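Heads up, the thing below is written out as structure tokens.
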């Protein structure tokens, strides 16, 4: 594709003007020195000098500079850059310099982004491999032990099959979460927004995890008695998943005889904010910026012992973003954590 050149005459005009002024001053000085000053002659000389200088300079610029600039653009076009070659080429040096600098800056940003993505890809693949490897090897170990002769013992057979089943369940859990987060990231998960009572939904989630919390002597409670329903407009199932993930984490990392408290407050602009607060272990400040990354774990060893896919908070973040809402976290070690997210109030 031929590159269109937008020529600039600024340099030639300015240069011709300076040459004309300098030459005219020299001629004026000579005429004045020899006492033959002729203003008409001086004017004709100035005009002819300006025109001839302009023509000669422009021709030389086109021959040596424009062609080289066009070659630069043609070479850059090989990089399939649309930012530099989408419009006509300018040969004004100031504009050209600005365009080249912008192009270089954009390319640096693009390269840095690619490096970050590559590092993220390697990290992600390593995490997926590690998360799948643990339950796979566990299941394989139990099955191989049974095949080696332990199957004959009914008690051992039942115990090992139950443990292998738990390993398979964790694999299914991880794969489901990976499928969910992939759909969320590519925008392939349709939200079914409805009006529902967020207080009722929280109570249902409390009921689901009441026994799990009781094992650690953790109380699930509201910050106050909500007599009236608080209607919101969102995907009920997805918000239940958000609450589930936040409560499970709160129980998992909560202190024995602790409390997990949920509150719902009105905000301006027809919004409510749901807060899940606990008095558990808390999170160090350096971990908070990465909490919502896939497979990121604060406790690299202990958290795996607790189970889970390592994708819970990442899924929470993507669900809230799919709703066009925000999620926040505040935490201090030894004090506790508070996760909060906004929802749109029901229009009815």
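The values are calculated or read from the model by the stated rules, or taken from the named source; none is laboratory data. Fair warning: this is a prediction, and the values are worked out from it, not measured in the lab. Virtual Cβ from ideal backbone geometry, glycine too; neighbours counted across all protein chains shown.
Some observations on this one:
- Within the range 193-204, the set of residues being within 18 Å of residue 316 (Cβ to Cβ) and assigned to a helix (DSSP H, G or I) comprises 198, 201, 202, 204.
- Within the range 326-345, tally of residues that are over 18 Å from residue 240 (Cα atoms) and either surrounded by fewer than 20 Cβ atoms within 10 Å (Cβ to Cβ) or touching a helix residue (DSSP H, G or I) at 6+ places or on another chain (Cβ under 6 Å) (or both): 6
- Every condition in (1) in a loop (DSSP other than H, G, I, E, B); (2) under 28 Å from the mean Cα position of the chain (by Cα); (3) crowded, with 18+ Cβ neighbours inside 10 Å is met by residue 284 except one, and the failing one is (3).
- Screening the range 141-159 for residues that are farther than 25 Å from residue 129 by Cβ and touching a helix residue (DSSP H, G or I) at 6+ places or on another chain (Cβ under 7 Å) and picking the one that is surrounded by the most Cβ atoms within 10 Å (Cβ to Cβ) gives 146.
- The residue list 185, 192 contains one member that is within 30 Å of the chain's Cα centre (by Cα) and at pLDDT below 80, which is 185.
- Residue within the range 180-192 that is over 15 Å from residue 316 (Cα atoms), touching a residue at least 40 places away in the same chain (Cβ under 8 Å) and either exposed (fewer than 14 other Cβ atoms within 10 Å of the Cβ) or assigned by TED's automatic domain parsing to the domain that holds residue 241 (or both) present: yes
- Residues in the range 218-265 that are in a helix (DSSP H, G or I), farther than 27 Å from residue 191 by Cα and in contact with a strand residue (DSSP E or B) (Cβ under 9 Å, 6 or more places away or on another chain): 251 alone.
- Spans of helices (runs of 4 or more DSSP H) in the range 7-82 with at least 1 residues surrounded by 12 or more Cβ atoms within 10 Å (Cβ to Cβ) and at pLDDT 80 or above: 10-33, 39-61
- Flag if residue 207 is out of contact with any helix residue (DSSP H, G or I) (no Cβ under 9 Å at 6 or more places or on another chain), closer than 18 Å to residue 317 by Cα and either in contact (Cβ under 8 Å) with a residue 12 or more places away in the chain or outside any strand (DSSP E or B) (or both): no
- Check on residue 212, at pLDDT 85 or above, over 22 Å from residue 326 (Cβ atoms), in the same structural domain as residue 293 (by TED's automatic domain parsing) and not in a helix (DSSP H, G or I): no
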